[in-house]
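The values are calculated or read from the model by the stated rules, or taken from the named source; none is laboratory data. These numbers come from a predicted model, not from an experiment. Neighbour counts are summed over all protein chains in view; Cβ atoms, including those assigned to glycine, are modelled from backbone coordinates with ideal geometry. To get the accessible areas, we keep the full protein, side chains included, count just its heavy atoms, and leave off ligands, DNA and RNA. Shrake-Rupley method; radii C 1.70, N 1.55, O 1.52, S 1.80 Å.
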Amino acid sequence: MSISIMARAQARPNPNRSLQQRPNHAPETRPEQDACTYHLVRVSRNRKTGPIPVTTTSANSCPPTCGFNGNGCYAQSGPLAIHWKCVSEGRRGITFDELLQEIAILRRHALWRHNQAGDLTPEAPGVIDSRKLTRLAMANRGRRGFTYTHYLPTPANRIAIRQANQLGFTVNLSAESLRQADEYLELGVAPVVVVLPSSAANATRTPAGHHVIVCPASTGNSDCLNCGICQQRDRASVVGFPAHGSGAKRVEAIFFKEGRP
């Protein structure tokens, strides 16, 4: 047999060799561990949101720096608190990968709210998991998702939040006072929302002169479905939410304390 024929014979694959015997050089993939639990309702019965998809994330997503955690947070009282407790204890909800699958099959251009309770998934205390936030933003492509975060806009968190907004998933920075709203706006990272006293009903301005409108759903004039302003990433106005729930007085105390020069 000639050398060329022998070479071709050696190069020809052996049909008797099992595929299972072939070495697999691909890196081993393992299911990603979820520190948080997520819940999605496709048609919310919340009067303020209207009948849109709404998610809830377990309480371990909340940053330790949030001034309202255990100190007036509206989600820690009332009927929502019962639901949030079930999600936080893992008795109700799905994994992050399952959440992405659910978001990706929402109808095109659907308005939906992430986290009626809970916050963005953390990588470490006070640090947003930028990879998961990017994956969430990618699943949202073609849809109009929005959320709010109490994570401090540290350099690392700013990068994650800015990228999510650029990808079309609106992340609002949540301020605890009008002065802090000015500080967040100066960063130029994301749209800003702010808590207001429970009696707030009219538009106002921050110390730097930025326009603050009162959430129409809070005044009963509209709902998220028919408003959608919090999803508008390039809006000029800050959206204000009057303190509500059993912890409203504690929220107001933080607002006035943080607003002092």
Query raised in the report: Given the conditions (1) within 29 Å of Gln232 (Cα to Cα); (2) open to solvent by 10 Å² or more (accessible area, probe 1.4 Å), and given that Arg92 satisfies all but one, which numbered condition is not satisfied?
Result: (1)
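Return yes or no: is Val239 open to solvent by less than 20 Å² (accessible area, probe 1.4 Å), farther than 27 Å from Arg108 by Cβ, in contact (Cβ under 8 Å) with a residue 12 or more places away in the chain and not hydroxyl-bearing (Ser, Thr, Tyr)?
no
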Report summary line: Per the list (1) of a type outside the set (S, T, N, Q); (2) surrounded by 12 or more Cβ atoms within 10 Å (Cβ to Cβ); (3) at positive phi, residue check on Leu120 breaks on (3)
Report task. Output the residue which, of all residues in the stretch 164-179 that are over 17 Å from Val214 (Cα atoms) and either out of contact with any Phe, Trp or Tyr (no Cβ under 6 Å at 6 or more places or on another chain) or among the aromatic types (Phe, Trp, Tyr) (or both), is most open to solvent (accessible area, probe 1.4 Å). Result -> Gln166
Query raised in the report: Is there a residue in the stretch 48-64 that is open to solvent by 50 Å² or more (accessible area, probe 1.4 Å), closer than 25 Å to Gln231 by Cβ and modelled with pLDDT of 95 or more?
Result: yes
Query raised in the report: Given the conditions (1) modelled with pLDDT under 95; (2) closer than 28 Å to Tyr38 by Cα; (3) hydroxyl-bearing (Ser, Thr, Tyr), which single one is not true for Ser199?
Result: (2)
Query raised in the report: Which residues, counting only those in the stretch 130-177, are within 16 Å of Thr65 (Cβ to Cβ), touching a helix residue (DSSP H, G or I) at 6+ places or on another chain (Cβ under 8 Å) and in a loop (DSSP other than H, G, I, E, B)?
Result: Tyr151, Pro153, Glu176, Ser177
Query raised in the report: Which of the residues spanning the stretch 45-66 are farther than 25 Å from Ser177 by Cα and among the small types (Gly, Ala, Ser)?
Result: Gly50, Ser58
